[in-house]
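To start, the structure itself, in structure tokens.
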Amino acid sequence: MRNETSIQSTAVSALASLVSDQLQTDGDYTTHIPELMLYRRGAVTEPMPCIYGLGLGLAVQGGKRVTLGDEIFDYGPGQSLLNSVDLPVVSYVTKATIAEPYLGLRLELDAKTIAQMAAEMDFSPRIKAIPSRAMSVVDLDEGLLDALTRLVRLLKEPHLIPLIAPLIQQEIVVRLLNGEHGPALRYLVANGSPSQQIAKVITWLKLHYTESVSMDDLALKAHMSPSTFRQHFRAVTNMSPLQYLKNLRLQDARQWMLNEDMDASSAAVRVGYESASQFSREYARLFGAPPLRDVKRIKPL
């Protein structure tokens, strides 16, 4: 066991070195592999509400915390965080220094690829229970760590990326389906499963969240009774459908104010709020300050 732990630690350190070579300063970095993002932080960060899409997050140096509702997910070197549906979360770096910055990566996953790979694999026993959450943290196994390392190393050979990156990404999906993250992913793509129905509703909400939305209509879209729908929605996302909808609206309004210099009242209307005062109250509850003060804090005038 000690030897396996040592090998794992060495492999994670090697991956951290590869990521570090790509990042000279703090920031969020896109790469020549569109689905792959790299991150560097030289200090701990403030909690930041955001939305995590279907994907795999990995800390290779330092530590990170993600909260989903009242549930906390901490992960560090050698651990991965997977979310199988789009989730409003609060994310922040908990361990980082200038000498040893936080280094991480995130790989977006494709639901169609997951479904295709799952259909070609033989799983036993069959899934019998709903995963408690659409988010999980597990230790990386050797095969998945090796595949992720090869994907990052490929950034040094950009001319080979179009040919090789898709193959490695398929391998990563197969290894995820076959590993500890597998049950959540397999249940997501299981025909007719409650998780799949909730995922479909979430996809619809992302496109229509500015509209007036009835919870009963959402339940119909999931082919469930209202009470069953609320139960399954909370089981997957750790929040009610209404809380989820508010998160989508508030986070989009924040982006409009930050990126387009839109005032709070206009942003509120843009994302579907009829009451500016209600928007301000709910905004402050989520982001810790009213709209104007929050925007000034992030983007000084």
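Using modelled amide H (1.01 Å from N, peptide plane; none on Pro or chain starts), what sits under 5 Å from the amide H of V60, excluding residues fewer than 5 places away?
Correct list: L103, G104, L105.
Looking at (i) 18.3, 51; (ii) 24.7, 86; (iii) 20.2, 61, which value of Rg and Dmax of the Cα atoms in Å comes from a calculation on the structure shown?
Read-out from the structure maps to (iii).
Give the aspartates and glutamates whose C-alpha is closer than 19 Å to that of K296, dropping any in the same chain fewer than 8 places away, or say none.
The qualifying aspartates and glutamates are E46, D252, E260, D261, D263, E282.
Test of understanding: in a Gaussian network model of the chain with alpha carbons linked when under 10 Å, which of H223, H159, H208 would top the mean-square fluctuation ranking?
Most flexible of the set in this elastic network: H159.
List the pairs from K112/K221; K206/K299; K112/K206; K64/K112; K112/K200; K221/K246 whose alpha-carbon separation is above 23 Å, in the order I gave them.
Working: K112/K221 20 Å; K206/K299 26 Å; K112/K206 18 Å; K64/K112 29 Å; K112/K200 13 Å; K221/K246 19 Å.
Where the Cα-Cα span goes over 23 Å, the pairs concerned are K206/K299; K64/K112.
Place the peptides 266-274, 58-66 in order of packing, highest mean first, counting for every residue the other Cβ atoms within 10 Å and averaging per peptide.
Averaged packing, sorted descending, gives the order 58-66, 266-274.
Each residue of the stretch 54-59 in order: what ³J(HN,Hα) in whole Hz does its phi give by Karplus 6.51 cos²θ - 1.76 cosθ + 1.60, θ = phi - 60°, with x for Gly and Pro?
4, x, 10, x, 9, 9
How many angstrom lie between the C-alpha centres of the stretch 276-294 and the stretch 9-37?
Value for the Cα centre distance between the two parts: 35 Å.
So what's the back-of-envelope 222 nm ellipticity for the chain, counting only DSSP H runs of four-plus at -39500 (n - 2.57) apiece and dividing by all residues, rounded to 500?
So the helix-based figure for the chain works out to -15500 deg cm²/dmol.
Give a residue-ordered list of calculated ³J(HN,Hα) values for the stretch 266-280 (Karplus: 6.51 cos²θ - 1.76 cosθ + 1.60, θ = phi - 60°; whole Hz; x for Gly, Pro).
Values, residue by residue: 5, 5, 4, 5, 4, 9, x, 7, 9, 10, 5, 5, 5, 4, 4 Hz.
Every read-out reported here was derived from the displayed coordinates using simple, explicitly stated rules and does not represent laboratory data. Keep in mind that this is a model prediction, so the values were computed, not measured. Every residue, glycine as well, gets a Cβ built from its backbone with ideal geometry; the counts of neighbours run over all protein chains shown.
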